[in-house]
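Reviewing the structure listed below.
Quick note: the coordinates plus some simple rules give every number you see, no bench work behind them. It should be emphasised that the depicted structure is a prediction, and the values quoted were computed from it without experimental measurement. Here Cβ is always computed from backbone atoms with ideal geometry, including for glycine, and neighbour counts include all displayed protein chains.
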Amino acid sequence: MAGEEEKRSERGMNPVMLAALFIVWYAFNAGYNVYNAKVKAIATPWAISCAQLAVGLLYAIPLWVVGIRKIPKISFNDLLTLLPISILNAGGHACAVIAMFEKGGGSFTHVIKASEPVVSTVLGVVLQGKIPKPFTALSLIPITYGVAYAATLGDLNPAKMQTELTTKAAMYAMGSNVSFALRSILKHDLTPEFKKRTNLETPQNEHAVATLLSTILTLPFVFYFEGQDKIMTAYNDITKVPDQQQFLINLTICGMCYYLYNDMQNVVVDALGPVPAAVGNTLKRVAIFIALYYFTSGETFPMPKIVGCAIAIGGCIVYAVCSKLKL
């Protein structure tokens, strides 16, 4: 394990490469959120969520076909093992998209999603009996306070918090947190032997398979909640989609950015290790907020939201460090 960390440190020594890695990662992340805002006028989040996943396969599958990445070897029993992870992956993504499709939901969703460490810790205690160390536990306080402060714009009276934290956007964003936290717990149970036998040794290949299965799993929900008639009616509504060709271009860019930013995140983890990647994953929200402010409409950033986000992000960084150092 120490040798692996040493190798990661060596790979991260070149500051130019490190900066380029983060720039590309953040660019794809910001691009996804900006283009997601461009396609939400159609108001069919399940269809958009499924389409975003499907677009990523246009990148993943050719890599298998030409032999750049190993083709997964998955038996029926292996599929049953991966199915719960894929269900949670699909659910987490769909919940996030539904939340972001609400008015002003782009930035608000990321405010709520900044509470991911809190959700992960609580689930770790409940499901695995993992009690956090004192300073790690204390770091959850500024995260919780910052999220509440930003969500209520500084008005922390109980009635205001109940109103803001029980909106559709807030509940689906929290649902996304829970889904992804549970997914992480299940992924940790995949043994090295399982990954080697199925050709899922690399996080990139694991992500590709999860995306493929998640796309298939999302399809029934698309037809159940929205259906072809509703989707086509919205798509053909000139007030919502004045330029269909541009809409499809935006959707393709959005889906590709979503896939590639997750792929790049795996590269960062492999190069630097989980804690620096967790810090980077926290700081990416700053890039997202800046991108949403400058490149989308309907997103506002009053000072209380900025202050609350800064407190929560600071708490997330402290959490990542304390968790790594077991403090």
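Annotations
- Projected label distance in nm at ALA43 and HIS188, using a 7 Å step from Cα toward the beta-carbon: 4.2 nm
- The loop-placed trypsin sites (Lys or Arg not before Pro) in region 228-326, going by DSSP, that have at most 13 neighbouring Cβ atoms within 10 Å of their Cβ come out as LYS326.
- Using the Cβ-Cβ distance between ILE131 and ILE61 with R0 set to 51 Å, the FRET efficiency works out to roughly 0.75.
- Net lengthening on full extension, VAL122/ALA27 (0.36 nm per residue, minus Cα-Cα): 31.1 nm
- Cβ-to-Cβ counts within 10 Å put TYR59, TYR32 in ascending order as TYR59, TYR32, the fewest first.
- Extension gain for MET17 to LYS196 (0.36 nm times residue separation, less C-alpha to C-alpha distance): 61.5 nm.
- Computed lengthening from LEU327 to THR81, 0.36 nm per intervening residue step minus Cα-Cα distance: 85.2 nm
- Within the shell defined by Cβ-Cβ distances under 13 Å, the residues around LYS284 carry a net charge of +1, with Lys and Arg each +1 and Asp and Glu each -1.
- Of THR300, THR215, THR252, the one that fluctuates the most in a GNM where the chain has Cα springs shorter than 10 Å: THR300
- Summing Lys and Arg as +1 and Asp and Glu as -1 over all other residues whose Cβ lies under 13 Å from the Cβ of GLY106 gives a net charge of +4.
- Calculated FRET value between ALA310 and LYS168, using beta carbons and R₀ = 30 Å, to 0.05: 0.70
- Shape call, region 2-325: gyration tensor on alpha carbons, a/c limit 1.5: rounded
- Mean separation of Cα pairs under 8 Å and 6 or more residues apart, divided by the residue count, gives the chain a relative contact order of 40 percent.
- Of the DSSP H helices in the chain, those whose Cα atoms cover at least 27 Å axially and whose Kyte score averages -1.0 or more: 15-39, 45-65, 76-100, 168-188, 203-225, 244-272, 274-295, 303-325
- Computed E for VAL267/ASP155 - FRET, C-beta separation, R0 45 angstrom, nearest 0.05: 0.65
- Net charge over other residues, Cβ less than 11 angstrom from the Cβ of ALA312 (K, R count +1; D, E count -1): +2
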